[in-house]
Amino acid sequence: MNVLVVCDHFPPAFAPRMGYLCKYLRASGHEVDVVFERLEGDERYAYLCGYASKECGLRFYGKESSGWKRKWRWSMVMLRDLLGHYKDRQVCKTVFRWTNQEGRIYDVVLACSYRTFPLWAASRVAKKLGLPLVVDLRDIIEQYPDRSYLQHHLVKGKIGECVEEWQTKYLLRQRNRVLRRADAIVSVSPWHVDYLKRFNPAVHLVYNGYDPEIFYPAPQRDSVFRITYTGRIISFQIRDPEILFKAVALLKTKGIVSGKDFRLCWYVDKASQRMIEKLGIVEGVADLMEMHDFVAAAEVPEVLNRSSVLLQLANVATGNGPKGIMSTKVFEALAIGKPILLVPDDCSFLGRLVESSGMGLAAKTVEEVARFIEAEYGKWQKTGSTQREVNREIVGRFSRKEQAMSFLHVFEQVVESRGTVRK
């Protein structure tokens, strides 16, 4: 099968879902061409480059990472986008050059986005080429409790709120129009599937996952008990470490843990570091923390295998809380086999996964967190390890290879339904 992927981000940038899809579809004998927006300076998933049959990364903002030139260029691109789908049209030009001039032939179009771009382009390409369209939404606007889904805030105050409200409605209107036309939709959690069925009944669940070739138990001895978090915080409304800090402060006050051999280790971006450091000072645990920059994704397994407890941050999903967030990190943690601490319990699918796997705790209270850490810390002091037996039956469902086969099954369904199978 020949698949055309049209997506917002792609490796080497933070886009493991599509990177792994290319890797494992190609390994199964299928062809995957990719058109995407290239992001400068993000090389975390460089090891996933080279798996696409053919790829084109489009640059819209130039190479300036900051300053007034980049802000001006970004504003102009955004304006042109709002007035006439500027970025999407560039994607279409690339695809039509491949099909018209180079003779590339496809069976299905897959659009992957977390907001709107490049859904319009994928829909137009699929319609013009007479191909089925599958839309993969790894995140959606409605899952966020705040406006952290907006990468840039143009204006502050009441005027800014009005602008962002209009922008959100515009994005949703554009997205939903494409969703209704799609032959199938794919998303990452049961909550997403249920929510998206209001726009199109043909919604399929394909979780995020882990690469079995690099995420597996390989425990390393360490003289320090490390509770480790890798990733972004975004906002405390989405990922809130407060009860963790209070529990560690309690253990510190009781003399159970100390800076001699206990650390909260953070591998995060600079903005997340500032947030965590500020809260750590308030809660009195700053002296027990280590701050590290992001590491390349290929180095994450070593970081996790050296740790004693793998931290997952969330927030309660009920009410106005975040919905359906099940990041790649939890599946990678399951594959490593170290105890997982989820704070707080999201009281939804993430917490149920952690608890049902038998690999850790989805904590609701400070006391629960303190007891869990004390127990694992005591085990580590006695044996030098906190390693747990991985439930391969549960964990195996979330491998990236299985994920690719799930996508392939959806592709085969829509191609057969359309009657567009190539002879």
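Odds and ends about this structure:
- Between Phe236 and Tyr170, full extension at 0.36 nm per residue minus the direct alpha carbon distance yields a gain of 21.1 nm.
- Each helix, a run of at least 4 DSSP H residues, gives -39500 (n - 2.57); summed and divided by the residues of the chain, these come to -13500 deg cm²/dmol at 222 nm.
- Other residues with beta-carbon under 15 Å from the beta-carbon of Met359 carry, at +1 per Lys or Arg and -1 per Asp or Glu, a net charge of +1.
- Between Lys69 and Lys379, the contour length at 0.36 nm per residue exceeds the alpha carbon distance by 106.1 nm.
- Net charge over other residues, Cβ less than 12 angstrom from the Cβ of Tyr51 (K, R count +1; D, E count -1): 0
- Loop-resident sites, segment 249-310, for trypsin sites (Lys or Arg not before Pro), counting at most 15 other Cβ within 10 Å (DSSP): Lys254, Lys260
- Lysine pairs in segment 225-397 whose alpha-carbon atoms fall under 13 angstrom of each other, counting only those eight or more residues apart or on distinct chains, come to 6.
- Only Lys, Arg, Asp and Glu carry charge here, each on its Cβ (+1 for the first two, -1 for the last two); on that basis segment 225-397 has a dipole of about 100 debye about its Cα centre.
- Dipole magnitude for the chain: about 1340 debye, using +1 per Lys or Arg Cβ and -1 per Asp or Glu Cβ, origin at the Cα centre.
- Sites listed here are GluC sites (Glu not before Pro) in segment 383-423 whose DSSP assignment is loop and whose Cβ has at most 11 other Cβ atoms within 10 Å: Glu389.
- Theoretical FRET efficiency, 1/(1+(r/R0)^6), r = Cβ-Cβ of Ala27 and Arg352, R0 51 Å, to 0.05: 0.95
- Gaussian network model of the chain, Cα within-10 Å springs - most flexible of Glu43, Glu242, Glu213: Glu213
- Electrostatic bookkeeping for Tyr20 treats Lys and Arg as +1 and Asp and Glu as -1; over the other residues with beta carbon under 9 Å from its beta carbon, the sum is +3.
Where a number appears in this text, it was derived from the coordinates with a stated rule and is not lab data. Every value quoted in this text rests on a predicted model; they were computed, and no experiment measured them. Positions of Cβ are generated from backbone atoms using ideal geometry, with glycine treated the same way; all protein chains shown enter the neighbour counts.
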